[in-house]
Structure formats: structure tokens, C-alpha cells
Amino acid sequence: MGSIKRYMQFVKPYKWQIIGTVFIGLLKFGIPLLIPLLSKYVVDDIINGNLTTEEKTEHLLWAMGIMVFIFVAIRPPIEYYRQYFAQWTGTKILYDIRNNLFTHVQKLSFKYYSNTRVGEVISRMITDVEQTKNFVITGLMNLWLDIATIAIVIVIMFTMDVKLTIVSILMLPFYAFSIKHFFGKLRIYTRVRSQALADVQSHLHERVSGMSVIKSFAIEDREQELFAKQNKNFLDKALKHTSWNAKSFAVVNTITDIAPLLVIGFAGYQVIQGQ
């Protein structure tokens with residue numbers, strides 16, 4: 001929690017950019033919600049409505065014209081600015097962190113540098129800082145955006161059909177549990193993989209810097225073995241991360257796929273029963 005609190009100090013100056021990006025995101029994800037409403041209007045009010053053929057054609061053309069305008073003229077700029085501001089904010093925060101980190105690095109003692117490999121310091125400033133960008137975009141923006149979108153969708157669904165809405169959200173608790181379990185452990189594997197990558201980068205930096213010494217003593221074969229050992233350690237950690245990542249998405253996507261099947265089955269049953 002302490003590290004997140006310190007990280008939020010860099011996020012705070014961009015809170016309005018983040019709020020604005022979330023708002024634009026709501027517009028982006030709100031527009032596709034018009035599709036099922038369009039389907040409902042076309043089926044219930046046009047096809048099955050008490051209209052003449054000419055009136056049905058006119059209403060259909062108007063409905064499709066409005067939708068095409070929204071999806072062609074309005075949604076692309078919204079999509080662009082949502083992506084642009086999300087990436088812009090994340091990149092600016094990383095810029096501030098690296099500046100602050102370099103200031104801190106210059107204040108560290110001689111003892112620290114005698115006990116810490118240069119490659120590891122570089123890895124922390126480049127690789128690890130870059131990975132925190134996902135926290136800004138996914139954690140701070142997409143998380144709140146997803147929560148808001150789900151809340152809006154559920155409210156709309158309850159106004160249309162209470163029973164069908166209850167069936168459609170039955171899988172939400174299982175989805176939430178799987179996210180917490182699988183992706184919580186995935187963070188641990190990500191941290192371990194990052195450390196292994198830092199070790200490889202540190203090893204490379206030291207060896208490349210001392211390549212003239214290695215060649216002078218003709219110890220290329222020994223250094224090859226040492227690097228292979230470091231590289232193999234990273235490979236093992238990376239593959240373990242990859243395996244768990246694949247397993248996480250397999251389980252989460254399965255739960256996601258089951259939800260619409262429940263909706264289709266229950267809705268079909270309701271129709272058969274004349275509801």
C-alpha cells in the first residue's frame with residue numbers, strides 16, 4: 001500500500017486528465033449500447049408495428065441514417081481522443097517518475113553502488129517504470145470506466161426485463177472471484193519475471209562493459225555458460241508467467257462465454273411460454 005500511495009503522488013497532478021479520459025471512455029462504450037436498442041426499435045416498432053410498408057421503410061431509413069452518422073462521424077473522434085489522452089497521461093506520469101528517480105539515484109551513496117549492479121539500476125529506471133504505465137491506464141482509467149459502464153448497463157437492463165437481467169448477472173460473482181484469484185497471483189509471477197529480466201540486463205551490462213577483459217583472458221566459453229544460466233532462469237520465470245496468464249484468460253473467458261448462453265436459454269424459454 002505504501003508504494004501505491006507514493007505512486008499516487010505522481011498521478012495526482014493529472015487527476016483532471018484522468019477524469020476527462022474516463023468521461024470520454026463512457027461516451028465511447030455508451031455508443032455501442034445503442035445497437036441492442038436499435039434492434040429493439042426495428043423489430044418491435046417498425047417490423048411488428050402498425051405501419052404501412054412505405055412508413056416502415058421511411059422509419060428504417062431514418063433509424064439507420066442516424067446510427068451510421070453516430071458510428072461514422074461521432075464515434076471515431078471519441079475513440080481517438082480516448083486512446084490519445086489515456087496514453088498521453090500514462091506517458092507524462094512515467095516522464096515525471098523517471099526524472100524524480102534519476103534525482104534520487106544521484107543522491108545514493110558509494111556503498112549502494114558498490115553493492116548494486118549497474119544493470120539492475122538501469123532496469124529499474126527503464127523496464128519497471130514502463131510497466132507502471134499499465135497501472136495508470138488499466139487500473140485508474142479502465143477500472144472505473146468498466147465499473148461505470150456495468151452500472152449503467154445493468155440499470156438499463158432492469159428497466160427492460162428484471163428476470164432476464166438477474167439471469168444475465170448470475171455469473172458476475174464467479175467472474176469477480178476468478179479475476180481476484182488468477183490475476184492476483186499473476187501479479188506475483190510478473191514481479192518474479194521482472195526481477196529475472198533485471199538480472200539478465202545487469203549481467204549483460206557488466207559483460208558488455210568488460211568485453212575487452214573477457215577477450216584478453218579468452219574466457220568467452222565460460223561467460224557463455226554464465227549468460228546461458230541467467231537467460232535460462234529468465235526463460236523459466238517467463239514461461240511460468242505465460243502459463244498462468246493463459247490459464248487466467250481461459251477461465252475468465254469461459255465464464256464470460258457462459259453468461260450469454262444463460263441469457264439465450266432463459267429468454268428462449270420465456271418466448272416459448274408466451275412471455
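The values are calculated or read from the model by the stated rules, or taken from the named source; none is laboratory data. The structure presented is a predicted model; accordingly, all values stated were derived computationally and were not measured. So basically every Cβ, Gly included, is an ideal-geometry build from the backbone, and we count neighbours across all protein chains shown. Heavy atoms of the whole protein, side chains included, go into the accessibility calculation; ligands, DNA and RNA do not. Shrake-Rupley method; radii C 1.70, N 1.55, O 1.52, S 1.80 Å.
Pairs Lys180/Lys247; Lys15/Lys133; Lys92/Lys185; Lys15/Lys92: which are spaced more than 18 Å apart, C-alpha to C-alpha? Over 18 Å Cα-Cα: Lys92/Lys185. Calculated [222 nm] ellipticity per residue, helices only, for the chain: -25500 deg cm²/dmol; basis is -39500 (n - 2.57) per DSSP H run with n ≥ 4, divided by all residues, nearest 500.
With all protein chains present, how much of the accessible area of the range 97-145 (probe radius 1.4 Å) comes from carbon and sulfur, to the nearest whole percent?
The nonpolar share, carbon plus sulfur, comes to 63 percent.
Note: relative contact order over the range 82-184, using C-alpha pairs below 8 Å and six or more positions apart, is 34 percent.
Which of the following values of Rg and Dmax of the Cα atoms in Å was calculated from the structure shown: (i) 19.6, 59; (ii) 25.7, 85; (iii) 27.0, 93? It is the one labelled (iii).
Computed on the chain, with alpha-carbon pairs under 8 angstrom and 6+ residues apart, the relative contact order is 24 percent.
Between the range 40-68 and the range 243-275, the C-alpha centres lie 31 angstrom from each other.
Across the range 143-275, the relative contact order, built from alpha-carbon pairs under 8 Å that are at least six residues apart, equals 44 percent.
Rolling a 1.4 Å probe over the heavy atoms of the protein chains gives the range 157-240 an accessible area of 69 Å² per residue.
Counted by Cβ distance under 12 Å from Arg222, the other residues give a net charge of -2, where Lys and Arg count +1 and Asp and Glu count -1. Structure remark: mean-square fluctuation, Gaussian network model of the chain, C-alpha springs under 10 Å; the largest value among Arg207, Arg222, Arg187 belongs to Arg222.
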